[in-house]
Structure formats: structure tokens, C-alpha cells
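The values are calculated or read from the model by the stated rules, or taken from the named source; none is laboratory data. Not measured: the values here are computed from a predicted model. Quick reminder, even Gly has a Cβ in these numbers, built from the backbone with ideal geometry, and neighbours come from all protein chains shown. Areas reflect the complete protein model, heavy atoms only, side chains present, ligands, DNA and RNA absent. Shrake-Rupley method; radii C 1.70, N 1.55, O 1.52, S 1.80 Å.
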Amino acid sequence: MEQPLGRLVVVDDEPSICRALSGIFECAGYKVTTFNQGNAALEAIAADTEIDAVITDLMMPDLNGIDLLRNLRERGSEVPLLIMTAHSDVETAVAAMKAGAFDYVCKPFDAEEMRLKIERAIRQRSLQRENDYLRRELHTRYKFDNIIGYSEPMQEVYSLIAKASKSRTNVLIRGESGTGKELVARALHYNSVRAAKRFVAVSCAALPSELLESELFGHEKGAFTGALWQKAGRFELAEGGTLFLDEIGDIAPHVQIKLLRVLQEREFDRVGGIKPIRMDVRLIAASNRDLEAAVTRGDFREDLYYRVSVIQIKLPPLRERKEDIPFLVEYFLKKYGEQDDRRVRTVDEASMELLQRYDWPGNIRELENAVEHAVVMADEGASTITPDLLPLHVQLGQGVKRLAPITEAPPTVTQAPPVNGNAPAPTPVVPPPSPGNGTEAPKPTDFNGVVAETERRMLIEALESTDWNLTRAAELLGISFRSMRYNVKKHGLSREENGISKANAAGEASDALA
Ligand SMILES: Nc1ncnc2c1ncn2[C@@H]1O[C@H](COP(=O)(O)OP(=O)(O)OP(=O)(O)O)[C@@H](O)[C@H]1O
Ligand SMILES: [Mg+2]
């Protein structure tokens, strides 16, 4: 027999009805089991999670349809249930719907109508199963053993997450861009008693202040031009769960006041609303800025600062926990290495050395991108990552040094160490984003721009000093010919466009290289 369309159970004390329904649905491609007694059906259905829908008579001597439904729900079964009832009995049928029946049909029933209803019930059931699956999946994805890192600073982070997830205290997560603030926020939520409720994230930096206010607190119809409907805010959506406010340092003063009130009084008004709404939401905030400085400058309210930062979790930048790099690389290889039929599973020694030397101003997000890049660049069938597959700026962590003595590289790009083979200290390829407190970092977009510009300059410089000979320029940079060719193409470089020796644009080009 082919795969059935679904598995049905029919319950009726009248054997002829069971036979009739069984005939109709088996012909239509379903697998049908019948019961003449409610109690026997209850035991069987409760024990079998593979059943897709149940059709039951309402009136049966031992256990009526509604009680069957109630008992099933009590035992945790969510199977959709269709109730059959005598024509005169519509009121009871409505009661059955209230008790959670999927639908009802009146006897004598129309076979086609019944079939359509069952089809719909099964579709809905499969959506529901999918949702359950996704929710479980999400849950495992953010369980905290999915945060990779064995270094001491990360151990401290774990112990803080473990403690903080047990309470409902507000938490402030600090750290440069790409260090995993949102990941930690999710871990806090999914390890707390609120896990079954929602985790709602709002990026405060992404929205202008008027929009942010109505996004957070919702608005009443007509509260402002364009408020055509009443709208629930994110606080309401997160009821019982967790609200994650990303980049909290960007909140405008009048929204700060409103936020403070919610945290103090646990209630708020929608924009344009007059009736306060009670709420039970845990707040987790994140910032990659120096919030204390913002308080001193008067940009961020001090009272709010103390409210949101009862517990602070500081995420270390990747360059301060380089011992975690091999584990992170292994983790991201598992994530990307087996996508689209690829089988990239390892990283060779030279590549690992480059990965360890590089300074990772974009932190884990940048490392993740680098691994993904390498996997995409790998030839079909390749199982190992080699240096030429890494993004150029990561490869150049070493290349810079070889280039330096030959030409005068811009001071922001290289520190020009003596050429002594294997200098131990990593050389920053990009100007470090945050000398000092480590809490300021450029936005990823700035960061990408800086990286691209640095790459470009280094490529042009190497090409110029080798008279645009790709092989020798690649040698000079310490990268493969393949990687050289790829990057020249990626940056759209040509002697005509970018060469200093180009007569009519000499001045402009050498400026660009200065
Ligand atoms: N310890 C870690 N283990 C595994 N993956 C991580 C870890 N930390 C971060 N990541 C991954 O790195 C990426 C960036 O993390 P996340 O978005 O949480 O950073 P963030 O600190 O919120 O960055 P931003 O300040 O730019 O918003 C995500 O894909 C995340 O899954
Ligand atoms: Mg983030």
C-alpha cells in the first residue's frame, strides 16, 4: 500500500456507521481504525501520537464524544477531533466546539463535506507539528551548551548565565560587536522558567525614536497620523517572556523615561492610551557602547542605567580568548562545511595559524564569516581549508610583514616589523577599532568598509611593486596565485584604472596609496 494520506480513528457505537466511514475514507486513501466504545478508543488514541484525526459520535453509552475529547486533552493529546451529532443536537455540538473539537457534522452526513473537513484538520495538524518541531529546535539551538568557548573568561560568562537565568532580574550584556550578546540573551531566556513564552528582540538603534516608542509600547487607533489601528507593542508580545533591547544606549530621552516607568511600576500606557497595562516581562538589554560615559555626558539617565544593569555580563572580545578559536572553527565548519553537499571538515595547520594570528576586530561574527567564505571558496570535493581559501585580510595577517620592508606602507595598515621569518606577535591588518576600554566598536558595516579598503590598498601596492605581475605580487603578499587572481577580480583592479604608473592619473593614484 502507498503511504496513506493520514491515519484516522472512527468512534461510533453503531457498527454500520463505522463500516460506512471506514469505506469512504479508505477509498480516499486514508488508513482507518474503528472503535465501537469510547473508552477503548480513548486508550488507543492517547497511546498513539501518529494518529492525525479522530471522528467520533457524540452520543455513546459508555463515554460521550465531549468526554472523550476532554480526556484526550487531559492526557496531552492534541489530535483534532470531529464530532458527529444528530440533527436536533446543534447546541451540544456548539458545546463540543467550545471544549476544543475541531469541527462538527450533523447526521446524516454528507461524505464530501466530511472529507474536506478531515483534510483541513490534517493540514492544520501538520502545521502544528511543524511549529512544535521548530520551537523544540530553537530551544536546543539556544541551549547554552551551544555557546562555544572553554577559555577562562567564557567560564565566567557561563556561571553568570546560570545564576542570572534563575532569577527575573534585569540583565545588561556588554561587549563589542559580534561577541555574542544576542546569543547570550537567548540562552538566558531559554534556560529560565520563561522559556515556554516568547523571546522578543528589538533593536533600538534601528528605529527613529517615535517609531521605537510605539514599537515598544504599542499605540491606540488615531494616536498619531498613520495609526489606523490599535497595535500591541513588543512589551505586550513578550508577556510572560523576555524582551531583549539591543543597543539600549541609543534610546531617546523621552522613551527612556517611559522605559524607566515600566521597570519601576510594571505597567505602561500604549501611545495615545489612557488605561495602564500591567505587564510581566523580563528585560535583557545589550550595549556595545560605553554606557557609563553616556550617563556622564547626560545622554543616558542614571536611574535607568541602574535599573537595567542589576546584573552585568561582559563578553570578552575574541582576541582576548584566542584559545577558543579552534573550537569555534570546528563548530562553524560543522555548520557550513556540510551545506550544499560539501564535505569540508578540517583546517590545515597553516590556515589555523593564520586564524590564530589575526586580531578579529569583528569578533566571532567575523570568524564565522571567514569560515563560511572559505567553505564557499573550496573546490567541490575538497575536505580541508587551506590558506588561500581564507578572506584576503586574514591571509594578510602574515602577508603584511613581508610586504612592509619593500615599500612604505601606510602606517595604519602595518607596523612594519623586521623581517625575521616568524614574528610571534599578530600584526593588526586593520586599525584596531577600540584602543582602551574595549566597549566601543565600529558597526559591522564600518568594519567591512575598513577591511575592504585595506585589502585594496595592499593589493595595489603589491601589484605596483611587481610591475603588475600577479604571480610575483602573490608571492610578495604570501598568498596563492589563485587567491591573488580572485581578489584582484573581487576588487575590480586593473593597471589602467588603478596603476600609479598610469600617466594621466599618477597624482590621484599615489594619493590613494599614501
Ligand atoms: N560563543 C559563541 N559560540 C558560537 N557562536 C557564536 C558565539 N558568539 C557569537 N556567535 C555567533 O556570532 C554571530 C554574532 O553573534 P551575536 O549576534 O550574538 O553578536 P552581538 O554581540 O549581538 O553583535 P552586535 O553587537 O553586532 O549586535 C552569531 O551568528 C552568533 O551565533
Ligand atoms: Mg546583536
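Brief remarks on what is shown
- Some residue of the stretch 276-291 being among the charged types (D, E, K, R) and without any contact (Cβ under 8 Å) to a residue 12 or more places away in the chain: no
- Meets criteria (within 16 Å of ligand 1 (Cβ to nearest atom), acidic (Asp, Glu) and out of contact with any Phe, Trp or Tyr (no Cβ under 6 Å at 6 or more places or on another chain)) for residue 280: no
- Restricting the stretch 373-384 to residues that are at negative phi and over 26 Å from the mean Cα position of the chain (by Cα), the residue that is least open to solvent (accessible area, probe 1.4 Å): 382
- Selection of helices (runs of 4 or more DSSP H) fully inside the stretch 292-406 by the criterion of at least 2 residues being outside the structural domain of residue 254 (by TED's automatic domain parsing) returns 325-336, 349-357, 363-377, 392-403.
- Subset of the stretch 436-470 that is on the phi > 0 side of the Ramachandran plot and either away from ligand 1 (no atom under 16 Å from the Cβ) or assigned to a helix (DSSP H, G or I) (or both) - its residue that is modelled with the lowest pLDDT: 436
- Filter pass, residue 151 being within 16 Å of ligand 2 (Cβ to nearest atom) and either open to solvent by 60 Å² or more (accessible area, probe 1.4 Å) or in contact (Cβ under 8 Å) with a residue 40 or more places away in the chain (or both): no
- Contact annotation: residue pairs with Cβ atoms under 7 Å, 6 or more positions apart or on different chains, pairing a residue in the stretch 180-206 that is closer than 12 Å to residue 281 by Cα with a partner that is within 11 Å of ligand 1 (Cβ to nearest atom), are 199/186; 199/244; 200/244.
- Here residue 213 does not qualify as open to solvent by 20 Å² or more (accessible area, probe 1.4 Å), within 14 Å of ligand 2 (Cβ to nearest atom) and modelled with pLDDT of 85 or more.
- Qualifying position, being closer than 25 Å to residue 232 by Cβ, more than 14 Å from ligand 1 (Cβ to nearest atom) and of a type in the set (Gly, Ala, Ser), among 214, 165, 203: 214
- One residue from 313, 385 being modelled with pLDDT of 95 or more and either more than 28 Å from residue 168 (Cα to Cα) or within 16 Å of ligand 1 (Cβ to nearest atom) (or both): 313
- Qualifying residue in the stretch 244-253 (condition: within 15 Å of ligand 2 (Cβ to nearest atom), small (Gly, Ala, Ser), assigned by TED's automatic domain parsing to the domain that holds residue 299 and open to solvent by 10 Å² or more (accessible area, probe 1.4 Å)): yes
- Residue in the stretch 267-278 that is open to solvent by less than 10 Å² (accessible area, probe 1.4 Å), at pLDDT 95 or above, more than 16 Å from ligand 2 (Cβ to nearest atom) and touching a Gly at 6+ places or on another chain (Cβ under 9 Å) present: no
- Residue pairs whose Cβ atoms lie under 8 Å apart, sitting 6 or more positions apart in sequence or on different chains, and linking a residue in the stretch 447-473 that is more than 30 Å from residue 178 (Cα to Cα) to a partner that is assigned to a helix (DSSP H, G or I) and basic (Lys, Arg), are 463/495; 466/472; 468/495; 470/485.
Here is a yes/no grid of residues against (1) closer than 22 Å to residue 127 by Cα; (2) open to solvent by less than 10 Å² (accessible area, probe 1.4 Å); (3) not small (Gly, Ala, Ser):
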site	(1), (2), (3)
3	yes, no, yes
16	no, no, no
19	no, no, yes
23	no, no, no
50	yes, no, yes
53	yes, yes, no
60	no, no, yes
72	yes, yes, yes
111	no, no, no
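- Lone unmet requirement of (1) modelled with pLDDT under 90; (2) hydrophobic (A, V, I, L, M, F, W, C); (3) within 16 Å of ligand 2 (Cβ to nearest atom) for residue 127: (3)
- Candidate set: the stretch 157-174, residues that are crowded, with 23+ Cβ neighbours inside 10 Å and modelled with pLDDT under 95; chosen: the one nearest to ligand 2 (Cβ to nearest atom): 157
- Residues in the stretch 351-372 include none that are open to solvent by 40 Å² or more (accessible area, probe 1.4 Å), more than 19 Å from residue 395 (Cα to Cα) and touching a Phe, Trp or Tyr at 6+ places or on another chain (Cβ under 7 Å).
- Unique match (being modelled with pLDDT under 90, assigned by TED's automatic domain parsing to the domain that holds residue 100 and aliphatic (A, V, I, L, M)) among 86, 53, 44: 86
- Spans of strands (runs of 3 or more DSSP E) in the stretch 6-84 with at least 3 residues under 16 Å from residue 100 (Cα atoms): 53-57
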